[in-house]
Amino acid sequence: MKTLNSLAIIGTQWGDEGKGKITNYLAKKADFVVRYQGGNNAGHSIILDNKRFALHLLPSGIFYKNVCNILANGVVIDLFGLVEEINNLKKNNIKDINLLISERAHLVFPYHKEIDAIFEKAKGKNKIGTTKQGIGPAYTDKVTRIGIRVIDLFDQKYLEEKLKENIFWKNLFLKSLGINKEIDFDELLQKLLEARIIIKPFIKDTSKIIYDAILDNKKVLFEGAQGVQLCLDHGTYPFVTSSSPTASSIPLNTGIPANFINEVLGITKSYTTRVGNGVFLTEINDKIAAKIRIKGNEFGTTTGRARRIGWFDAVLIRYAKRINGITKISLTLFDVLSGIKELKIAINYSLDNKNIDCIPTLLKDLERVKVEYITLKGWDEDITNVKSFDALPENAKKYLKAIEKYGEIRIAQFSVGPKPEQTIDLEKIW
Ligand code: IMP
């Protein structure tokens, strides 16, 4: 088979690594940008022409009219949220929207959001800390085979039947919890019928389109949402999202063969963050964490929540490399680390004196995990205008070298700010 031109962009930590910025940066060269999992729990902020855009569902190539942006079958779509995002772009004079939506993608309804919030409340101190966008309940409906897909919006009789069935179960559930609130069928149906008009021109069998494009040697970029540690299967379960942000999930979630992914680029923050609950072995809660949080604007794009902060964890990167077949990384938010006297990097974990290569699967083992660190000297210089590796302060160079050594990975690119021009390519990515 000839060399294919597909590239997967994968978050190697707990999401928020800056995938939106990098996808948007690489999208200029792409023919297609494909979102393949998650929904509007994701939040990508992109700076273009000095304007900040927050995307939740739309792929990050949406600003380029020559790039075909696809929401593939594995995505769950909040129709009203999507229409809002499309309208927002139009308001900002981005009128030529080059978008395709898989007819097989499942829909997120307002009742999924309500159920998400109810479950979180019921879990009390064990709550996951979801984005409350209804992602878990929507994927639950998909798996229990009562979900409603995009294509169903255009068969009104079927839609009414399915919606009635779903609302019946949901109302029963709400009632059993003593919640005296009924979901109104007529109101929801009416809103769906209005919103479907906006998305009708975009609906296609996207599996065939992506398949043909890859065979035709087109540049196809798969944009992951969230990160490996939030993967339903390979993350820190149960404190994860309800889909798989890994490269391995792309074939299933887009309908292409497994050997159609050519390169996998990991997006890695220069330190670590997590939003929501669950294990975070290198977390810090001191003044340094507060400084990083402010400087790195570490507040959720979707929920506004303050993100938890921690040291760079090379074990996570080795794990992400193994799970996804990552060949190189793009290191983001490097400028945020200027002005910190000493920087730590986690290089190994051990459990009961034995080295382990990932976060333990059993929650009760977590307390006994020991993390081994190295400490490096920091640098004071502002690096936001740096244009090459050589122009970096010596200690910043040493930090990058340590990431490569202990993460066992090549840094192909690093970022010193949110703007596209603050991206330094160390090798050709695509
Ligand atoms: P859910 O995806 O809303 O169900 O949330 C499950 C977990 O994933 C929570 O810890 C969320 O904070 C986290 N999460 C979901 N989407 C993102 C994201 O885009 N970035 C970072 N964390 C996320």
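Every number here is computed from the coordinates shown, using simple stated rules; none is lab data. Note that the structure is a prediction, hence the values are computed from the model and not measured. Note that we place each Cβ from the backbone using ideal geometry, even for glycine, and neighbour counts take in every protein chain shown.
Label separation (PHE168 vs SER350): 6.1 nm, computed from points 7 Å beyond Cα along the C-beta direction. Each residue of the stretch 113-126 was assigned a 3J(HN,Hα) from its phi angle through the Karplus expression (A = 6.51, B = -1.76, C = 1.60, θ = phi - 60°), giving 5, 4, 5, 4, 5, 5, 4, 4, 5, 5, 6, x, 6, 8 Hz with x at Gly and Pro.
Scoring 203-209, 160-166 by mean Cβ neighbours within 10 Å over their residues and listing the highest first yields 203-209, 160-166.
Averaging over all projection directions, the Cα-based convex hull of the stretch 92-176 occupies 7.9 nm² in the image plane.
Ordering LEU172, ALA195, PHE154 by Cα displacement along the dipole of the stretch 107-198 toward the positive end leaves LEU172 in first place; charges were set at the Cβ atoms of Lys, Arg (+1) and Asp, Glu (-1). Straightening the chain between GLU84 and LEU193 buys 37.7 nm, computed as 0.36 nm per residue apart minus the Cα-Cα spacing. Diagonalising the gyration tensor over the Cα atoms of the chain and scaling each eigenvalue by 5 before taking the square root yields semi-axes of 36, 26, 20 Å, largest first. Each of the peptides 44-55, 412-423, 366-377 was scored by the mean count of other Cβ atoms within 10 Å over its residues; in descending order, highest first, they stand as 412-423, 44-55, 366-377. Using only side-chain charges placed at the Cβ, +1 for Lys and Arg and -1 for Asp and Glu, the dipole size of the stretch 267-425 relative to its Cα centre rounds to 280 debye.
Under a model in which nothing but the beta-carbon of Lys, Arg (+1) and Asp, Glu (-1) is charged, the stretch 1-146 shows a dipole of about 200 debye around its Cα centre. Of the residues CYS68, CYS231, the one with the fewest other Cβ atoms within 10 Å heads the list, and the complete ranking is CYS68, CYS231. Loop only per DSSP, at most 15 neighbouring Cβ atoms within 10 Å: give me the trypsin sites (Lys or Arg not before Pro) in the stretch 62-116, ordered by residue number. Filter output for the stretch 62-116: LYS65, LYS95. Where in the stretch 316-351 does the amide nitrogen come within less than 17 Å of the point 7 Å from the Cα of ALA290, taken along Cα to Cβ? In the stretch 316-351, the label zone of ALA290 (backbone N under 17 Å from the point 7 Å along Cα→Cβ) covers 340-341.
Shown for LYS397, LYS121: other C-beta atoms within 10 Å of each C-beta, ranked fewest to most, produce the order LYS121, LYS397.
Given the options ILE403, THR268, VAL386, identify the residue whose Cα lies farthest towards the positive end of the charge dipole of the stretch 267-425 (+1 on Cβ of Lys, Arg; -1 on Cβ of Asp, Glu). Value: THR268. Label separation (CYS358 vs GLU161): 4.2 nm, computed from points 7 Å beyond Cα along the C-beta direction. Using a simple spin-label model with pseudo-atoms 7 Å out from Cα toward Cβ, LEU177 and LYS51 lie 3.9 nm apart.
Summing -39500 (n - 2.57) over the DSSP H runs of n ≥ 4 in the chain and dividing by its residue number, what mean residue ellipticity at 222 nm do you reach, to the nearest 500 deg cm²/dmol?
Working: 11 runs with 130 residues, N = 430.
Computed mean residue ellipticity for the chain: -9500 deg cm²/dmol.
Packing around the peptides 282-290, 323-331, taken as the average count of other Cβ atoms within 10 Å per residue, puts them in this order, highest first: 323-331, 282-290.
Evaluating 6.51 cos²θ - 1.76 cosθ + 1.60 at θ = phi - 60° for every residue in the stretch 68-74, the Karplus couplings come out as 8, 9, 10, 9, 7, 4, x Hz, glycine and proline recorded as x. Inter-part distance, the stretch 204-228 to the stretch 20-54, computed on C-alpha centroids, equals 15 Å.
When Rg and Dmax are taken over the Cα atoms of the stretch 267-425, they come to 15.6, 47 Å. By the count of neighbouring beta-carbon atoms within 10 Å, fewest first, ASP16, ASP352, ASP365 end up ordered ASP352, ASP365, ASP16.
Amide H contacts under 5 Å for ILE267: ILE10, GLY11, THR12, SER330, restricted to partners 5 or more places along the chain or on a different chain, H placed in the peptide plane at 1.01 Å from N.
Evaluate the charge dipole of the chain about its Cα centre and quote only its size in Debye, nearest 20, assuming +1 on the Cβ of each Lys and Arg and -1 on the Cβ of each Asp and Glu. Write out the running numbers ahead of the final one.
Working: 63 positive and 50 negative charges, 89 e Å.
Computed charge dipole of the chain: roughly 420 debye.
Residues considered: THR236, THR361, THR268. Largest GNM mean-square fluctuation over the chain, using C-alpha springs under 10 Å, is found at THR361.
Residues whose amide H comes within less than 5 Å of that of ILE70, counting only those at least five positions distant or on another chain, are VAL33, VAL34, ARG35, LEU100 (H built at 1.01 Å from N in the peptide plane).
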